[in-house]
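Asks: Can you keep this structure in mind? I'll have questions shortly.
None of the figures in this text is laboratory data; all of them are computed from the coordinates on show. Here the structure is a predicted model, which is why all the values come from computation and not from measurement. Quick reminder, even Gly has a Cβ in these numbers, built from the backbone with ideal geometry, and neighbours come from all protein chains shown.
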Amino acid sequence: MNNTKFPDFSLSRLLLNTFKPKSNERICILIDLPDLSLIKDWAFLENDNFSIQRHAYESFYKSLHESVMDELKLTGGDFFAYKETGGSNLDLPDLAVSPEGSELSLKTDIYPKYDIILCISTYSATAPLTAFAKQFGFRGATLHGVNDIILKSGLAVDYNEVSKDAEKLRQALTCADHFEIDFQVDDKIHSLKIVCDQQEAQKSHGICLANEPDVANLPAGEVYFVPTGGEGEFVMQYADGSLGLQTVENGKIVRSTLIRGEQSTIDNHNKKLASDPVTGELGELGFGTQELPVSGRDIQDEKILGTMHVATGRSDHLGGSLTPDKFAKPINATHDDILFSPSKTPDIKIPEVRMQRNDNTIVVLENYQPAAHLREALTHS
């Protein structure tokens, strides 16, 4: 159990740490809703199913207007909704609606006219918003899945300190030739090799400064790679709890085999792989860098030190080459993190993760704990 003490959530501190905003910069908030009529007159606030969107209103919008905009000399403070995409990092629709019922275009009325955009949503919008930030010049943050635990921990931290620790671990992992990951279910061990070809590791650290159009994924705190290849097998836990053995060839999942659970779940995955093979492409390997409590949301829990995640699908927002146009269907162009942690995947053990770098084999994780190499890196000044 994590016993770290966190300060109270402060939107002012979060914005200062993440953006260091300049006077008169214009800020707005985006949320997603299944039905855009729910934004009119704030109707969604009456529905308990929209706790994330309620946080967008209570913890962000109201705070902006009560004190934060004056304190930081920001302008705007507007609130808009777009129709939820139904998948992680799918391209966003262009229509946005205000609480007054006005219809706007994200590309015409919002992206070019705001300096800072906060997207607080059910489904992650990091990939599409990153592309638009670079096109239109705004800075942003995606905060999908926000809940009380995240507000009181992952969003309450000092991102300057998060960035320092993330950089220490980035240096400890960068330029790896490949990683070998052992997955254990019951008494069987399966191994996956993820090739990185000595690429520079990247970090998600929660800082997105002026004159650097980009989007921070918050809570932040990870080191990640875009794989250039992969071979072997790994165990994946599906949404219904079923476990499937994923066979990886040439950097792609090519088939899934039932370990336990529902055969229909495996069959549906295999049909998707057959009809749209790039959905199985390995798009990310990530390692958490923060001491945080379990929130029940992957957006925070994948940032916990000792966890790791593999992602499939879209990778252009991370510097990869898999863009939405390469999928057979637009609805398949997701980026899906597969988190491995004691809380999320208790039936899947990760006995060891090894990094191969310059002819040296270095253990980096052991049983969901940082190994000596990473612990020592964190002690460096």
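Asks: Give the cross-link partners of Lys252 among the aspartates and glutamates, using a straight C-alpha distance below 14 Å as the criterion and excluding same-chain residues fewer than 8 apart.
Replies: Glu231, Glu233, Asp276, Glu281, Glu284, Asp336
Asks: Can you work out the FRET efficiency for the pair Ala372 and Lys40, with r the C-beta to C-beta distance and R0 = 41 Å, to the nearest 0.05?
Replies: FRET efficiency, Ala372 to Lys40: 0.15.
Asks: What are the aspartates and glutamates whose alpha-carbon lies under 18 Å from the alpha-carbon of Lys113, with same-chain residues fewer than 8 places away excluded?
Replies: Glu25, Asp78, Asp94, Glu103, Glu212, Asp214
Asks: Just rank Ile110, Ile117, fewest to most, by other beta-carbon atoms within 10 angstrom.
Replies: Ascending Cβ contact count within 10 Å gives the list Ile110, Ile117.
Asks: Alpha carbon centre of segment 61-89 versus segment 286-316: separation in Å?
Replies: The two parts, judged by their Cα centres, are 25 Å apart.
Asks: Would you please calculate the Kirkwood hydrodynamic radius of the chain over all C-alpha pairs and express it in Å, rounded to one decimal?
Replies: Over the chain, the inverse of the mean reciprocal pair distance is 21.4 Å.
Asks: For segment 134-150 and segment 189-221, write down the distance between their C-alpha centroids in whole Å.
Replies: Distance between centres, Cα-based: 15 Å.
Asks: Separate question: Pick from Ser264, Ser204, Ser163: which residue has the top mean-square fluctuation in a GNM of the chain where Cα pairs under 10 Å get a spring?
Replies: It is Ser264.
Asks: In percent, what relative contact order does segment 269-368 have, based on Cα pairs under 8 Å that are 6 or more apart in sequence?
Replies: Reported relative contact order: 23 percent.
Asks: Taking the chain as a Gaussian network, where each spring joins two C-alpha atoms under 10 Å apart, which residue of Leu129, Leu45, Leu143 fluctuates the most?
Replies: Checking each option, the largest mean-square fluctuation is seen for Leu45.
Asks: Taking 31 Å as the cut-off for C-alpha to C-alpha distance, list the pairs among Lys62/Lys83; Lys62/Lys168; Lys83/Lys271; Lys40/Lys272; Lys62/Lys344 that go past it.
Replies: Violating the 31 Å limit, Cα to Cα: Lys62/Lys168; Lys40/Lys272; Lys62/Lys344.
Asks: Here's something else I'd like to know. Sticking with the crude label model, points 7 Å out along Cα→Cβ, report the distance from Gln198 to Lys164 in nm, one decimal please.
Replies: For the pair Gln198/Lys164, the computed spacing is 3.2 nm.
Asks: Taking the Cβ of each residue in Asp48, Asp347, Asp32 as the centre, tally the other Cβ atoms inside 10 Å and list the residues starting with the fewest.
Replies: Exposure proxy ranking, most exposed first: Asp48, Asp347, Asp32.
Asks: Normalised by the residues of the chain, what does the relative contact order come to in percent, with Cα pairs under 8 Å and at least six apart?
Replies: So the answer I get is 15 percent.
Asks: What number in nm² do you get for segment 159-379 if you take the convex hull of its Cα atoms and divide its surface by four?
Replies: About 12.2 nm², averaged over all directions.
Asks: Which ordering of Glu231, Glu200 is given by a fewest-first count of other beta-carbon atoms within 10 Å?
Replies: Least crowded to most crowded, the residues run Glu200, Glu231.
Asks: What stretch of the chain, leaving out the sites themselves, is the longest with no trypsin sites (Lys or Arg not before Pro) in a DSSP loop having at most 13 other Cβ atoms within 10 Å?
Replies: Longest site-free region, per DSSP loop and neighbour criteria: 74-381.
Asks: Enter the angle in degrees (range 0 to 90, nearest 10) between the Cα long axis of helix 159-173 and the first principal axis of the Cα atoms of the chain, meaning the one along which they spread out most.
Replies: 20
Asks: Taking 27 Å as the cut-off for C-alpha to C-alpha distance, list the pairs among Lys73/Lys303; Lys22/Lys107; Lys164/Lys188 that go past it.
Replies: Checking Cα-Cα distances, Lys73/Lys303; Lys164/Lys188 exceed 27 Å.
Asks: By DSSP, what percent of the beta bridges with both residues in the chain are antiparallel, rounded to the nearest 5?
Replies: 75
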